[in-house]
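Have a look at the structure below, then the notes.
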Amino acid sequence: RNRRTRDVDKRTRDEGPIRLVTPRAELERVASDYLAHQAAGSFPLAGGIATVTADRYVDPDWFEREKQAIFRRLPLMVAPGCESPRPGDYKTLDVAGVPILVVRGKDSRARAFLNACTHRGAAVAQGCGAASRFVCPYHGWTFDQKGALAGIASGEDFGPADKAQLGLKAFPTEERAGLIWTVLDPESRLDIGDYLAGFDSLLGAFGFENWTFVETRILKGPNWKLAFDAHLEFYHIPVLHRATFGPDQSNRALYYFWGPHQRLLTPGARTAGPVRGDLFDVADQPPQSWPTDAMMLGEWIIFPGISINSFHDGGRGVFLSQVFPGAHVGESITVQSYLAAAAPDEATREKIHQRCDFLAHVVGDEDLPTSFRQQQALATGLLREVRFGRNEGGPQHFHSWVEKIVEASDDALPGLFGN
């Protein structure tokens with residue numbers, strides 16, 4: 001790795017775990033820094049150009065290491081809580097070949113399980129919906145919302161079985177900032193709060209606990225990092241998206257980092273709709289009076305593959321993208337979801353639907369086809385590396401953390417984030 005990547009690593013090690021004084025103070029700090037750069041016309045750049053070897057995108061062995069080290073060890077944001085707000089609400093998803101069932105119990109707690117019957121491994125749920133029990137479609141074993149084995153079909157014929165030991169395999173799960181996080185390792189010792197490095201406290205200012213889940217789309221993509229790289233910089237927007245966003249869009253981003261997580265803000269960007277005061281409109285007032293909503297704009301990146309962007313389509317909302325690796329190196333899925341701060345009426349819901357159509361087109365017809373072509377070129381072995389410029393500090397930060405986490409032993413992993 002080049003000097004810039006090493007510098008990022010050293011800075012993170014030297015600073016140690018990042019803890020926020022208060023979420024409000026941290027939001028004010030970032031907003032003040034952003035406005036100061038805006039007033040000065042300044043644009044901070046990374047210390048140098050970083051390179052990533054092509055094999056990081058196409059090598060099956062490296063991909064297996066990523067699956068085990070990142071997606072089987074780190075807390076993953078698997079769903080917004082408002083997607084399953086009522087007891088019995090559930091959803092299923094696959095992450096790097098691991099089938100997952102997320103369900104909210106009668107006690108209002110969200111839990112995540114391996115979506116596999118403990119008899120012979122058949123999936124006990126499909127898609128999403130609501131259920132008081134999950135019945136295996138193969139032999140009829142039944143599990144409750146807490147994952148406990150409630151019944152064995154023809155138990156007297158099956159033979160002796162300790163039902164208390166045959167519940168669904170449970171993953172460590174917590175709900176923070178209105179988002180559901182789980183670790184796909186039942187024996188994980190990594191503290192979810194330490195891993196989030198205070199980022200969840202900032203995300204908590206959205207108040208997602210009380211939001212409404214509106215709709216979702218699923219798009220197929222290439223290697224998960226190729227699919228996610230486009231979320232980490234604005235350099236490509238006036239070029240690749242000139243027909244959708246227009247050629248006059250800024251290609252710059254200001255970056256702010258919390259552990260492996262980050263936030264992107266566009267210089268000169270103004271609120272896309274009436275969000276409780278545009279930050280520029282209140283810049284001459286004391287930071288303590290700045291509306292929280294105005295300080296929440298920009299793109300929020302949760303490592304390893306979550307992006308949150310604010311919109312105003314008849315009401316405040318966010319577009320949440322989840323990029324998960326598929327079972328193989330050249331496969332991924334992007335889950336696009338729209339959350340609204342208030343339950344939308346019919347007219348607002350139609351505006352949101354149009355926004356989701358537009359963003360599905362941007363990603364599905366512009367970003368991902370480009371990424372598929374990148375995958376094809378990198379797989380030839382003729383292009384040995386890719387480069388991230390000084391104006392692409394976000395991708396540099398992201399790839400340095402991928403390397404750091406993959407190389408960390410199980411014993412060393414908690415120390416990267418916690419005390």
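The values are calculated or read from the model by the stated rules, or taken from the named source; none is laboratory data. Small disclaimer: the values here were computed from a predicted structure and weren't measured. Quick reminder, even Gly has a Cβ in these numbers, built from the backbone with ideal geometry, and neighbours come from all protein chains shown. Ligands, DNA and RNA are excluded from the accessible area calculation, which covers all protein heavy atoms including side chains. Shrake-Rupley method; radii C 1.70, N 1.55, O 1.52, S 1.80 Å.
For helix 23-40, what angle does its Cα long axis make with the longest principal axis of the chain, in degrees from 0 to 90 and rounded to 10? Value to nearest ten degrees: 30. Taking 4.7 Å between beta carbons as the limit, the unpaired Cys residues of the chain are Cys82, Cys128, Cys356.
Figure note: Arg189, Arg104, Arg217 ranked by solvent-accessible area, largest first, 1.4 Å probe, ligands and nucleic acids not counted: Arg189, Arg217, Arg104. Give the separation of the Cα centroids, region 40-114 to region 295-337, in Å. Going from one Cα centre to the other spans 11 Å.
When the dipole is taken about the Cα centre of region 242-375, and only Lys, Arg (+1) and Asp, Glu (-1) are charged at their Cβ, what size is it in debye, to the nearest 20?
The dipole of region 242-375 has a size of about 260 debye.
Per residue, the solvent-accessible area of the chain (1.4 Å probe, heavy atoms of protein chains only, all protein chains present) comes to 44 Å². Adding -39500 (n - 2.57) for every DSSP H run of four residues or longer, then dividing by how many residues the chain holds, sets the calculated 222 nm ellipticity at -7500 deg cm²/dmol. Share of pairwise Cα-Cα distances greater than 26 Å in the chain is 57 percent (whole percent). Can you pull the percent of the chain's accessible area that's carbon plus sulfur, 1.4 Å probe, other chains left in place? The value for the chain is 50 percent carbon and sulfur by accessible area.
Only Cα pairs under 8 Å and at least 6 apart count here; give the relative contact order of the chain as a rounded whole percent. Display every interim value, and only then the final one.
Working: 791 pairs, mean separation 94.6, N = 419.
It rounds to 23 percent for the chain.
Distant-in-sequence amide contacts of Asn115, defined by a placed amide H-H separation under 5 Å and a gap of 5 or more residues or a different chain, comprise Ile100, Leu101.
Placing +1 on the Cβ of every Lys and Arg and -1 on the Cβ of every Asp and Glu, with nothing else charged, gives the chain a dipole about its Cα centre of roughly 320 debye. Along the axis of the charge dipole computed for region 30-147 (Cβ charges of +1 for Lys and Arg, -1 for Asp and Glu, origin at the Cα centre), the listed residues Pro87, Thr53, Val102 are led at the positive end by Pro87. Lys/Arg Cβ at +1, Asp/Glu Cβ at -1, dipole of the chain taken about the Cα centre: which of Val386, Phe206, Ala283 is farthest positive-ward? The residue sitting most towards the positive pole is Val386. Which angle from 0 to 90°, rounded to the nearest 10, does the C-alpha axis of helix 3-15 make with the longest principal axis of the chain? Tilt of helix 3-15: around 70 degrees.
Let me know the charge dipole size of region 373-419 about its Cα centre in debye, to the nearest 20, where only the beta-carbon of Lys, Arg (+1) and Asp, Glu (-1) is charged. Provide the component values of the computation, followed by the final result.
Working: 5 positive and 6 negative charges, 78 e Å.
In debye, rounded to 20, region 373-419 gives about 380.
Taking amide H positions as modeled 1.01 Å from N, with prolines and chain starts lacking one, the residues under 5 Å from Tyr256 and 5 or more places away or on another chain are Arg263. Charge tally around Trp300: other residues with Cβ under 12 Å, Lys/Arg +1 each, Asp/Glu -1 each, net -1.
Couplings 3J(HN,Hα) for region 231-248, derived from phi with the Karplus relation 6.51 cos²θ - 1.76 cosθ + 1.60 (θ = phi - 60°), are 7, 9, 7, 9, 4, 8, 4, x, 9, 5, 10, 5, 7, 10, 8, x, x, 8 Hz, where x marks Gly and Pro. Working from Cα pairs under 8 Å separated by at least six residues, relative contact order for region 313-379 is 30 percent.
Place +1 on the Cβ of every Lys and Arg and -1 on the Cβ of every Asp and Glu in the chain, take the dipole about the Cα centre, and give the residue among Ala230, Thr216, Leu297 whose Cα lies farthest towards its positive end. Towards the positive end, the residue furthest out is Ala230.
Angle of helix 368-379 to the longest C-alpha principal axis of the chain, folded into 0 to 90 degrees and rounded to 10: 90°.
Can you tell me how region 287-419 classifies by the Cα gyration tensor, rounded, prolate or oblate, using a/c under 1.5 as the rounded cut? Oblate is the answer for region 287-419, as a/c is 1.5 or above yet b/c matches or exceeds a/b.
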